[in-house]
1. Are there any pairs, at least 6 apart or on different chains, whose C-beta atoms fall under 9 Å, with the first in region 60-77 and on the phi > 0 side of the Ramachandran plot and the second surrounded by fewer than 18 Cβ atoms within 10 Å (Cβ to Cβ) and in a helix (DSSP H, G or I), and if so, which?
2. Picking from E147, E152, E116, which residue would you name as being in contact with a helix residue (DSSP H, G or I) (Cβ under 7 Å, 6 or more places away or on another chain) and modelled with pLDDT under 90?
3. Mind listing whichever residues of region 54-87 are touching a helix residue (DSSP H, G or I) at 6+ places or on another chain (Cβ under 6 Å), of a type in the set (V, I, T) and assigned to a loop (DSSP other than H, G, I, E, B)?
4. Based on what the data block shows, is N124 out of contact with any Lys or Arg (no Cβ under 7 Å at 6 or more places or on another chain) and open to solvent by less than 40 Å² (accessible area, probe 1.4 Å)?
5. Could you please find all residues in region 127-147 being open to solvent by 20 Å² or more (accessible area, probe 1.4 Å) and assigned to a loop (DSSP other than H, G, I, E, B)?
6. Would a scan of region 95-117 turn up a residue that is in contact (Cβ under 8 Å) with a residue 12 or more places away in the chain, in contact with a Lys or Arg (Cβ under 9 Å, 6 or more places away or on another chain) and part of a strand (DSSP E or B)?
7. Taking the condition of being touching a Lys or Arg at 6+ places or on another chain (Cβ under 8 Å), surrounded by fewer than 18 Cβ atoms within 10 Å (Cβ to Cβ) and farther than 15 Å from D136 by Cβ, how many residues in region 35-72 meet it?
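The values are calculated or read from the model by the stated rules, or taken from the named source; none is laboratory data. What you see is a predicted model, and the numbers here were worked out from it, not measured in a lab. Positions of Cβ are backbone-derived with ideal geometry, glycine not excepted, and every protein chain shown enters the neighbour counts. Keep in mind that these areas ignore ligands, DNA and RNA; they rest on the heavy atoms of the full protein, side chains included. Shrake-Rupley method; radii C 1.70, N 1.55, O 1.52, S 1.80 Å.
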Amino acid sequence: MKKTRKYLMFTTRIAFYCCFLLLLSCEGKILSEKEKSTKELSDYLSENHKLTLSEKYSKVFILTHKNCHSCNQFFAKTIESSLTDSTCLFIVSASSSRIDLSEFLTAKNVYFEKNENINALFDNSKIFFLKKGIIDTTINIKIDNLESFPKELTKRK
């Protein structure tokens, strides 16, 4: 009985130390979806537009021509009112032959991307809401949420 108890204590300690060493040896940090998206957006802005995703931005709008054409047109018209807001950043990969981009052409905080396949960020139009330079919420523009996203946009001004 005494030997069995000592043996169990010994094997438990070894298992504990092995788990502890395994945890210590892990170099990679597991990122949450928000952290992955933030890193992807930050890396894209830095590499392609020499911008830093900082706390001064509260929203990042990505306008593409992919998926629902009428959704993207509606999205473009809706976000035009934010073009003068210096806390908003716009990345446009949509074609001017498909969407009226005339208001976007003269705005200071608009960046154009000709290669929408450069990054998964451009799989569809979307809004990133930021808190302290980190993506807090993502709204993908789809036919399902065409009525709700303008309300969310107004609520977060």
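1. N67/D123; N67/I143
2. Of E147, E152, E116, the one residue that is in contact with a helix residue (DSSP H, G or I) (Cβ under 7 Å, 6 or more places away or on another chain) and modelled with pLDDT under 90 is E116.
3. Scanning region 54-87 gives a single hit, T64.
4. No: the conditions fail for N124.
5. K132, K142, L146, E147
6. no
7. 3
Conditions (1) more than 12 Å from the chain's Cα centre (by Cα); (2) at pLDDT 90 or above; (3) more than 21 Å from E152 (Cβ to Cβ), marked per residue:
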position	(1), (2), (3)
K39	no, yes, yes
L89	yes, yes, no
N109	yes, yes, no
F112	yes, yes, yes
K126	no, yes, no
F129	no, yes, no
